[in-house]
1. Leu26 versus (1) farther than 16 Å from Phe82 by Cα; (2) touching a residue at least 12 places away in the same chain (Cβ under 8 Å); (3) of a type in the set (A, V, I, L, M): which is the lone unmet condition?
2. Could you go through the stretch 84-93 and let me know if any residue there is farther than 19 Å from His125 by Cα, more than 15 Å from the chain's Cα centre (by Cα) and among the polar types (S, T, N, Q).
3. Are there any pairs, at least 6 apart or on different chains, whose C-beta atoms fall under 6 Å, with the first in the stretch 103-116 and in contact (Cβ under 8 Å) with a residue 24 or more places away in the chain and the second surrounded by 10 or more Cβ atoms within 10 Å (Cβ to Cβ), and if so, which?
4. Spot the failing condition for Leu94; the list is (1) in contact (Cβ under 8 Å) with a residue 24 or more places away in the chain; (2) out of contact with any helix residue (DSSP H, G or I) (no Cβ under 7 Å at 6 or more places or on another chain), and only one is missed.
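Just so it is clear, none of the values below were taken in a lab; they were calculated from the coordinates. Bear in mind the structure is a predicted one, so any value in this text is a computation, not a measurement. When we count neighbours, we look across all protein chains shown, and the Cβ atoms used for this are built from the backbone with ideal geometry, even at glycine.
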Amino acid sequence: MAVAALAAVGLNRMEGLLTVLVAWLLNQLVGFAILGYPMEGMSLVWSTLIGAAMVAGFFAARLSVRLASPSGSAALAFATAFIVFQGAIFAAALVLGGAEAYTFETVGWVLALNGLAYAGLLALHFVLKAFVERSSSLTVPAA
């Protein structure tokens with residue numbers, strides 16, 4: 001959910017949605033092509049549900065950013081994206097099976113991993129943004 005939250009904070013709606021969909025697609029390519037996820041009906045259902053949950057997390061995070069004060073929007077975006085994504089996946093697991101995998105330990109590990117990724121991506125975003133702004137403010141001498 002780090003990508004969805006960062007997209008909600010730093011990109012417009014279409015760029016953010018595209019970023020989230022590309023991240024989902026890359027995730028699925030790694031899963032099916034490299035990690036050997038089985039190419040069967042239930043795997044494809046879960047793949048689709050994960051994509052839908054990522055999109056829902058992105059749009060919820062965008063809404064939270066618009067409603068929050070600027071100083072708290074980055075943290076709120078991450079929390080919102082994470083809660084919406086995990087809630088959607090848990091709801092699907094209740095219907096399709098697999099809810100037993102939702103332990104505090106597992107969700108805590110996923111939260112920590114995504115939190116670290118988000119902090120790193122957010123820091124990189126602000127550093128690159130500052131660099132671009134600084135570079136664009138420099139004047140180029142005329143020839």
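1. With (1) farther than 16 Å from Phe82 by Cα; (2) touching a residue at least 12 places away in the same chain (Cβ under 8 Å); (3) of a type in the set (A, V, I, L, M) applied to Leu26, the lone miss is (2).
2. no
3. As it stands, the answer is Asn114/Met1; Asn114/Ala2, since those pairs meet every condition given.
4. Against the list (1) in contact (Cβ under 8 Å) with a residue 24 or more places away in the chain; (2) out of contact with any helix residue (DSSP H, G or I) (no Cβ under 7 Å at 6 or more places or on another chain), Leu94 comes up short only on (1).
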